[in-house]
Amino acid sequence: MKSKRLIYKYLAGVCIVLMCGILSGCQWFEQKRMTGVAVALNGQYLYQSTLDSLSFGLSSEDSARVVELYLKQWAKDILVYDKAKGAADKEIEALVEDYRRSLYVHAYEQELVERRMPKQVADTVVEQIYAAHPEKFELRESLAKGVLIVVPNGAPNMKKLREWLTDLNEENLENIEKFAYNYAVGYELFTDQWRTGQQLLLSMPFERDELNRLLRSKQQIELQDSLATYILQVTDKRMAGEPMPIEYARPEIEKAVLSQRRVRFLQEERERLYEEALRHKKIQFFEK
């Protein structure tokens, strides 16, 4: 209670100086405080709950200091804005109005697109675009699918592991998984998912050029350092400069299709609104 009384007393003094006559008396201030308003300035209100949250848990002196700083900054911001607004010329007002309008339009159109524009892109559309523009879907880095396993040097049954990796049938995959569970320090199965060369380099101590060279010539790539043996069994690959697999290109194609669809959708919506305004005679034309 002592802390709150000190804050209120300090606020009253600060407000009288800062508000330049806005707070015309203690009775007015008490009335506003009882309704939740602590300070008013040029039609803007600062609520007591805000000030209380600033000073919660602080000593009386710290509370008064924090409230004073916040109150001064709040008042200065309002005073500067009102001064600037009063001095603003018509050009600035027009810019502000244009910005306000663009915000409303953007929010409305965004909500409209989310609610009403179809988001699915048919496989046939993706295939047509992919086939029609092969030059746009050239790989900038190599891709691979397969299995990567990292085994501590000296692990048993390495010969068997290499054999299993060469033929990834159901039985061999089961053997590989059991082996990985018992011995491996790293294991990734990505036979149904493309990995970029950069992603592979995060898991294997290769240089980029070395990895690309080995990807071109081998299906099973093996490397050993002082701690472990890294084996990459490649089940599918595409080299830099070759066409992207269509499933890899699909997200890029869908993004382009949806972007074009959005433009057409919003153009049609604007045209619809215009035609509707004409039908209902909301637009008035005046003869020259």
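Overview of results
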{"read-out": "Placed amide H near ALA38: partners under 5 Å, 5+ positions off or other chain", "value": "LEU46, TYR47, GLN48"}
{"read-out": "Accessible area (Å², 1.4 Å probe, nearest 10) - ILE92", "value": "80"}
{"read-out": "1.4 Å probe accessible area per residue over the stretch 119-277, in Å²", "value": "62"}
{"read-out": "Listed residue pairs exceeding 28 Å between alpha carbons, taken from LYS160/LYS237; LYS178/LYS218; LYS255/LYS281", "value": "LYS255/LYS281"}
{"read-out": "Sequence-distant residues sharing a close amide H with GLU242 (under 5 Å, placed H)", "value": "LEU139"}
{"read-out": "Two-site FRET efficiency, ILE92 against PHE56, from Cβ-Cβ distance with R₀ of 51 Å, rounded to 0.05", "value": "0.80"}
{"read-out": "By accessible area with a 1.4 Å probe, ligands and nucleic acids excluded, highest first: order of TYR104, TYR181", "value": "TYR181, TYR104"}
{"read-out": "Principal-axis tilt of helix 246-279 within the chain, Cα atoms, nearest 10 degrees", "value": "30"}
{"read-out": "Accessible heavy-atom area order of VAL66, VAL113, highest first, probe of 1.4 Å", "value": "VAL66, VAL113"}
{"read-out": "Of LEU95, PRO134, VAL151, farthest towards positive along the dipole that unit charges on Lys, Arg, Asp, Glu beta carbons give the stretch 32-153", "value": "LEU95"}
{"read-out": "Cβ charges +1 (Lys, Arg) and -1 (Asp, Glu), total dipole of the chain, debye", "value": "1420"}
{"read-out": "For the stretch 61-74, 3J(HN,Hα) per residue [Karplus equation, 6.51 cos²θ - 1.76 cosθ + 1.60, θ = phi - 60°, Hz, x = Gly/Pro]", "value": "5, 5, 4, 4, 5, 5, 5, 4, 4, 5, 4, 4, 5, 4"}
{"read-out": "Computed [θ] at 222 nm, helices only, for the chain once each DSSP H run of length n ≥ 4 contributes -39500 (n - 2.57)", "value": "-19500 deg cm²/dmol"}
{"read-out": "Lys, Arg +1 and Asp, Glu -1 on Cβ, resulting dipole of the stretch 115-234 about Cα centre, debye, nearest 20", "value": "380"}
{"read-out": "Spatially proximal aspartates and glutamates relative to LYS119 (Cα-Cα < 12 Å; intrachain offsets below 8 disregarded)", "value": "GLU254"}
{"read-out": "Area accessible to solvent at ARG262, 1.4 Å probe radius, in Å²", "value": "80"}
{"read-out": "Area accessible to solvent at GLU127, 1.4 Å probe radius, in Å²", "value": "100"}
{"read-out": "Selected from VAL263, LEU201, VAL37, residue furthest toward positive end of dipole (the chain; charges at beta carbon)", "value": "VAL37"}
{"read-out": "Angle in degrees between helix 170-183 and the longest Cα principal axis of the chain, rounded to the nearest 10", "value": "70"}
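The values are calculated or read from the model by the stated rules, or taken from the named source; none is laboratory data. Since the model is a prediction, treat every value here as computed from it, not as a measurement. Methodologically, a virtual Cβ is constructed for each residue, glycine included, from the backbone with ideal geometry; neighbour enumeration extends over all protein chains shown. Each accessible area value is taken on the protein alone, full model and side chains, heavy atoms only, with ligands, DNA and RNA left out. Shrake-Rupley method; radii C 1.70, N 1.55, O 1.52, S 1.80 Å.
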